[in-house]
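Input: a single structure, listed below in structure tokens.
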Ligand SMILES: C[S@@+](CC[C@H](N)C(=O)[O-])C[C@H]1O[C@@H](n2cnc3c(N)ncnc32)[C@H](O)[C@@H]1O
């Protein structure tokens, strides 16, 4: 099963316009499989779907029988007659990949206007919440509160674009969230693009899971500290990123998987 998902990560993912790349895809895989191995149940949710790159990865990893809620404005490409092209392309990607979107589990609208019950009424408590919607402080403050209030005790929140100088308010929002929740949540993993947090009681479990995941063995695990907790920073050397990009661009995406073993 893992090999089929790795094939998806290193082949199909590149066919969907969007932003998640192999290191974070492998972290998603490790966390979701680690939760399953430990019978840590719950649904999955994402704010900020775009054309579904990370959403379809979540679908692929979870194997089709789990509830995955997709939340987005879906207003990209809106023409004068009010029709946006984003949603149609999202649905089309699902058909093409053999992962048709369950439209009952799509919320079209502004995530900052949602109440927790609008999520939990559809999917129950959430074990993995990807936040990649609006990138200004108000969005991150609101989305992190929504995630906190809908998360299972053992749930993980993945914040996108942390420490990215293009989106400085995301970092402020995540730091504010961690400080204002009075130590209830702590970060346990960081990549170049994302920061992963959980409730403090589960910090040890998720730190061990990241440290021991075979799918993450290719990365340097560098211990760092963020707002009072130890964090594994997964470093992906420039040389590997370059070889990977060259392979993908020269049509060798099937072989590119070996670069990350
Ligand atoms: C960076 S893209 C998400 C990338 C996606 N996760 C991927 O894997 O390719 C950001 C998305 O957030 C959505 N978005 C922005 N502000 C939002 C809001 N307030 N509520 C819901 N979605 C929002 C945009 O429509 C866009 O599709």
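Read the figures in this text as sums done on the coordinates, not as results from a lab. Source: prediction; values computed, not measured. As a convention, Cβ positions derive from the backbone with ideal geometry for all residues, glycine included, and neighbour counts pool all protein chains shown.
What whole-number distance in Å separates the alpha-carbon centres of segment 55-105 and segment 107-129? Segment 55-105 and segment 107-129 have Cα centres spaced 16 Å from each other. Computed extension length for residue 145-residue 250: 33.5 nm, one decimal, from 0.36 nm per residue of separation with the Cα-Cα distance subtracted. Using R0 = 22 Å, the C-beta based FRET efficiency linking residue 181 and residue 120 works out to 0.70. Where both bridge residues fall in the chain, DSSP classifies roughly 45% of the beta bridges as antiparallel. Calculated mean residue ellipticity at 222 nm for the chain: -12000 deg cm²/dmol, from DSSP H runs with n ≥ 4 weighted as -39500 (n - 2.57), summed, divided by the residue count and rounded to 500. Take every Cα pair under 8 Å whose residues are at least 6 apart in sequence, average their separation, divide by the length of segment 38-174, and the relative contact order is 26 percent. Taking each residue as 0.36 nm, the span from residue 235 to residue 92 lengthens on full extension beyond its C-alpha to C-alpha distance by 48.0 nm. With a simple spin-label model that places each label point 7 Å from the Cα along the Cα-to-Cβ direction, the separation between residue 192 and residue 153 comes to 3.8 nm. When Rg and Dmax are taken over the Cα atoms of segment 2-260, they come to 17.5, 52 Å. Scaled against the 2.2 N^0.38 Å expected of a compact globular protein of N residues, the Cα radius of gyration of segment 29-179 reads 1.03.
The listed peptides 215-227, 85-97, ordered by packing as a protection proxy, come out as 85-97, 215-227 (highest mean of other Cβ atoms within 10 Å first). Here the label points at residue 113 and residue 78, each 7 Å from Cα along the C-beta direction, are separated by 1.0 nm in the simple model. Sequence-distant contacts, meaning Cα pairs under 8 Å at least 6 residues apart, place the relative contact order of segment 2-260 at 17 percent. Working from Cα pairs under 8 Å separated by at least six residues, relative contact order for segment 169-220 is 23 percent.
Take the Cα of residue 2, step 7 Å along the line toward its Cβ, and report every residue of segment 241-261 whose backbone nitrogen sits under 17 Å from that point. Of the residues in segment 241-261, 257-261 have backbone N under 17 Å from the label point off residue 2. Ordering 113, 242 from the fewest to the most neighbouring beta carbons within 10 Å gives 113, 242.
Report note on the peptides 59-67, 251-259, 202-210: ranked by the mean count of other C-beta atoms within 10 Å, highest first, their order is 202-210, 59-67, 251-259.
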